[in-house]
Structures are given as structure tokens and as C-alpha cells.
Amino acid sequence: MRLLTGTDPASATSFRFVPQSITSFGPTVLVEGCDHVLSISWVHACTVSDGIITQIREYFNTSLTVTRLRNSGPSSPPSDLTSTSSSSSTAATTPLHCPSLWESSVSSRVGKSVPGLVLAI
């Protein structure tokens, strides 16, 4: 935490957040960067409303994949994870389709293995 907030005197001048890519999906803005010297990668996922950042999530040394959750049916609301049919005695479950929208790329450039995470929007 001290490294990220700049309160660690030894690292305050050596670590800088320099974006290497900025991508947006509706209200979600992804900012990605890395520091090759320190072998650190980061992704900031911001939610923007009316030009104001209302939420920020930070992923540090993590490979991030962004996906959109939705049912296969075109009229299904995004919040429905599955749908069931009540017309038969056994409820049928519709599979969830989660297309990958974006995947971080700088985490592989820092020269070490990092955990992966999926961010569903």
C-alpha cells in the first residue's frame, strides 16, 4: 500500500503510474500500465458517470480479463445469470454467454507469472 500511495520514502520517487493504454466500455474505463524496472503491472478500472469517477478498482500484478455477463436470449436483462422454463416439470437452464471484451497485456511483459482475474461488467 505504501508503494502505491507514495508514502514509502524509498519508492516514492522510483514508481510512477504511466498509462500505456486506456480503453472504455460504456461507463467503465480501463487504464493499464507497468514498470519494467520494478516488474510491476497494474490496471485501474474506473466507473465514470457524468464525467466524474464514481468508483475505482485497482488490480496490481494481476492479469485481468473483462467480460460482459448476459444470457443467450436478446431480451434477457444483464443481471439474469440463468433463466428457467416453467413450462415443463424439469426446469431448463439457459447457458450464460460471457464474451471477452478486453484482456490486459502488460502483465506478461513484466517477466513473471501473475494471477488471473475476470471482471464482469
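Every number in this text was worked out from the coordinates using simple rules, so none of it is lab data. Treat the numbers as computed from the prediction; the structure is a model and nothing was measured. When we count neighbours, we look across all protein chains shown, and the Cβ atoms used for this are built from the backbone with ideal geometry, even at glycine.
May I ask for the net charge around Thr28, where only other residues with Cβ less than 12 Å from the Cβ of Thr28 are counted and Lys, Arg are +1 while Asp, Glu are -1?
Values: positive: Arg57, Arg68; negative: none.
Value of the local net charge: +2.
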Residue-count net charge about Leu117 - beta-carbon cut-off 13 Å; Lys, Arg +1, Asp, Glu -1: -1
I'd like the Karplus ³J(HN,Hα) series for segment 51-61: coefficients 6.51, -1.76, 1.60, θ = phi - 60°, whole numbers in Hz, and an x wherever there's a Gly or Pro. x, 10, 6, 9, 7, 9, 10, 10, 10, 10, 6
Between Arg68 and residues 5 or more places away or on another chain, the pairs with built amide H atoms under 5 Å apart involve Leu101, Ile121
